[in-house]
1. For region B:1-33, what are the residues that are within 11 Å of chain A (Cβ to nearest Cβ), within 8 Å of the chain's Cα centre (by Cα) and open to solvent by 10 Å² or more (accessible area, probe 1.4 Å)?
2. Go through region B:6-59 residue by residue and tally those that are touching a strand residue (DSSP E or B) at 6+ places or on another chain (Cβ under 9 Å), among the hydrophobic types (A, V, I, L, M, F, W, C) and over 21 Å from A:P44 (Cα atoms).
3. What tally of residues in region B:4-45 results from selecting those that are within 17 Å of B:P64 (Cα to Cα), aliphatic (A, V, I, L, M) and not in a loop (DSSP other than H, G, I, E, B)?
4. Here is a list: A:A57, A:A43, A:A51. Which entry is at pLDDT 90 or above, surrounded by 16 or more Cβ atoms within 10 Å (Cβ to Cβ) and within 14 Å of chain B (Cβ to nearest Cβ)?
5. Give me a count of the residues in region A:687-717 that are open to solvent by 20 Å² or more (accessible area, probe 1.4 Å) and within 17 Å of A:H585 (Cα to Cα).
6. Taking the condition of being closer than 19 Å to A:L397 by Cα and open to solvent by 10 Å² or more (accessible area, probe 1.4 Å), how many residues in region A:438-462 meet it?
7. In the list A:L197, A:L255, which residue meets the criterion of being in contact with a Leu (Cβ under 9 Å, 6 or more places away or on another chain), open to solvent by less than 60 Å² (accessible area, probe 1.4 Å) and within 14 Å of another protein chain (Cβ to nearest Cβ)?
8. Out of everything in region A:554-587 that is open to solvent by 20 Å² or more (accessible area, probe 1.4 Å) and polar (S, T, N, Q), what residue ends up being farthest from A:Y528 (Cα to Cα)?
Amino acid sequence: MSAPRLLPTKLFIPRLRVPLVDRPPLIEALGQAVERKLTLVCAPGGFGKTALLSRWAEGAGVPVGWVSLTEADNDPATFWLYVAAALDRVEAGLGRDLQALVPSAAEGSQWTACVSGVADFPRDFVLVLDDYHAITNPQIHRAVSSLLDHLPPQMHVVLSGRADPPISLARLRAAGELLEVRTQDLRFTAEETATLLNQLKGLGLRADQLGALADRTEGWAAGLQMAALALQGRADVDGFVTAFAGSHRFIVDYLGEEVLERQPDEVRRFLVQTSILDRLTGPLCEAVTGESYGQAMLHRLEHANLFIAELDDQREWYRYHQLFADVLRAELRDREPALEPVLHQRAGAWFEAQGQLPDAVRHALAGNDTDRAADLVERAMEELLARGEMQTVLGWLEALPRAVVGARPALALAYAQRLVDNGHLDAAEAVLQETEVGFPEGDDVAGRTLLGKVAAIRTFIRRIRGDLQGAVNLGLQALDLLPESEYSWRGLVTLRLAGAYHQMGDRERAAAGLAQAATLNHQAGSIYYEVVTLYGQAALLLEEGRTAEAEETYRHALRLCAGHGPETLAAASGAHYSLASLFRHQRRLDEAEQQVVEAIRLAIRGGHTEARIYGYLLLAFLEQIKGEHEQAHRLVDQARSLVPPEVAWAMLLIEAWEAQLWLLEGNVAAAAEWARTSAAALDDNLYGQTAAPLVILLRVYAATAQTVPLLERLERLGVTTGAPVPMAHELHLLAALACHQAGDEPRALEALERSLAVVERSGLVGCYVELAPWTGPLLRWALPRTGRAPLVAELLRMVGTEQPGTAGTAAAAGAAVRQANRAPQPLLEPLSERELEVLQLVASGASNQEIADQLFVALTTVKKHVGNIFGKLGAANRVQAMTRAQELGLL
Amino acid sequence: MPSYVIRVRGHLSERWARWFDGMTVTNLPEGESLIAGPVADQAALHGVLAKVRDLGLELFSVAPAELDQEKNTGR
């Protein structure tokens, strides 16, 4: 049975049994933490931050969740699991959403589940993250920043540490939402020094002696504590104080030595040897020291106030104050350097026997026991990966010597895969090469499996690099080597192979591969890849114009997702988006809107920024078609705000959709300008991320009669030669427009017929209507010449009633007039994203209960949001709120 | 490998040399100390600074060895 994964000791609010100096002014200052979003307690070690916070937490009057952070929490999965557990301590179930999301969460998105999970909690509460300086992973800093930006009003955060956290504080400070307790505040006053040394420690020092100590330590709590320890039972107090006050020696050094020297031998030995431990308990200490009085010794140290703190309620687990531990460790390293690794090995063995594998690994690595560490990693790996703690595993694999990893196929493969996931393709190749060298071409199952997996990872690498033929070769090799029972691996390889075939234009093999992959991934139980396979199949169907079957495939994917939890949010969002896109191209606009709104909703819930961007852009386009130009552009801006400008593909995409909006508005000049500046960045690739912008570019060419570049591109893409392409209905239409513009009537007709053939069986009429000003003349010219007169006539009818160019201008003019008549006062406090969501639903006529159902929150939460919205808008009822919201352009 | 000199307040005893991974510790008359030696790269430098911080040493300056030398000879 495996030991519990999370250490309860990290969630325990630390308690020092030593009598502490009461510091009422500081406790009072901290009282304001419940009125601010963020409280920072920043000072070097030993200033009493933890002691102060834990004391405050006891009497705070609000529930407090606590996490004592360590380096190991730099894995975002680990970090958020502890936050979830701390929330559960505030109230059972508060962290449930967050905990469920962690294993599958998109990078940097876990904070959203934290926010949504606590949104309904009716009382104020505090989350304390102690030793926050241990966190160095910028991903976590960004997430904490985002959390603070969206912090529910009842939640308050305290970050305590030795350095200011590298997050942006300016805004919080300006809004009065930041409380700071800094080094200067934490220094002991003369009075407090007297209380500590004379009253609590009973030292009976004179005022001048107290003064000398206060001066020398500058009010540093740890220094004073150490001085007290050094003075206890000492005869020559004056001598000590004078010597200490007059010394330049680093306080920790001086006093640390003094304190250590005065300890009996067995105590000193115990202290020095157990200093390697992050947390201590009797049996563990006995294992490390080889002595038999572990727990008794710990209680003795506690009694003597030797910088030891409790980690639980049962006096079982303790830890040393970090400064003291550092002195001890330095002593160990200095006097008995050869002993240190041995002690770590003993500790590692003890943790392993307890089933606490992560600690066992850490100590094994620190003890240079690389073979044991590697064995432990192999054992612990699967469980950690299943929990999403990939970075922890990667960290361990990188800490192990390459030769050790290379000698263990499971580790080497895991390492290579993690490297591929993180984009380090060359490094992954290197690891694979080493693995191969270590293993002869065995004909046994184990040998073939290993080589098959190596080939599989190589397939992925080639695919990512765009080496299609290479991917195919290696993929086939992998399938040849992998045993039948390796469903998961075979499924993934087959999927990637199918993708390569597709891009190479081999539809038949692609379709066959996808069918196989669907079965394999289903057998492997990997729903995510099963859904991805379905997408591949749908894409193929769409290319052949088999839209009804494609639609059914997406719906099938949605049904698959419905049976599962939050890990399928991304997949479900994608399916809704794909349906929305299909419906848009079929001119089923209401259904398209329904689907894209759902796609966005799921993307927000799952924290998938990419999916949100796609969603907003498509929704913007649908709004534009309705004539809602302002709303459309607002949505584009919203998409833009989600991404930093350095993310090139996203900028390309957003600007392309924006250009398409201009085209629909009749602002052809702006669209042409975009085309001019962006053409060079768009490759001749209809399958990659730049495919959508590329098609938009071609539209703009057609609209601006840039026949030559248009025909050139279409030629290079294989459209004019009749090769099978995605979006065939639109590309052939564009070819027809180009040829017609160029005066090449026969070819224009040929291309148009190709397009119509697809439109006939697929219903993909959208592009004709969207390009109405240009398709109209073309269709009128073609009507007497075509073999598909009824279809062309129908298209003409649709195109005739829609004049997006002029309608766009008229609508824009109308909007401009409305704008001029408004005098919107900007809101003092803008609505939060959640409140905007609720507002839209209110505007759509939904009742509070309906809103609660749609957003998956409690009715009380909805009412609270509505109340806040009214407040911010200065409205007394829904009607007033709607009017005001419209004035402000929020709807 | 580049060398750095870190200047802190207070005198450090010999034992800390090993703590700072083989750098040398020199106590200066004005009550300051120098922790000096080769540092593999920037990441390692930040590691040393973290150790300085975690010991509660007051940090005065960090400089590459040559620059610090110039400062000294300029006196």
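1. Residue satisfying the conditions is B:V25 alone.
2. Here the count works out to 6.
3. Count: 10.
4. Going through A:A57, A:A43, A:A51 in turn, the sole match is A:A43.
5. Residues in region A:687-717 being open to solvent by 20 Å² or more (accessible area, probe 1.4 Å) and within 17 Å of A:H585 (Cα to Cα): 1 in total.
6. Counting residues in region A:438-462 that are closer than 19 Å to A:L397 by Cα and open to solvent by 10 Å² or more (accessible area, probe 1.4 Å) gives 3.
7. Matching residue, one of A:L197, A:L255: A:L255.
8. So the residue we want is A:Q586.
The values are calculated or read from the model by the stated rules, or taken from the named source; none is laboratory data. Here the structure is a predicted model, which means the values were calculated and not measured. Ideal geometry is used to build each Cβ from the backbone, glycine not excepted, and the neighbour counts take in all protein chains shown. Calculation scope for accessible area: heavy atoms of the full protein, side chains included, ligands and nucleic acids excluded. Shrake-Rupley method; radii C 1.70, N 1.55, O 1.52, S 1.80 Å.
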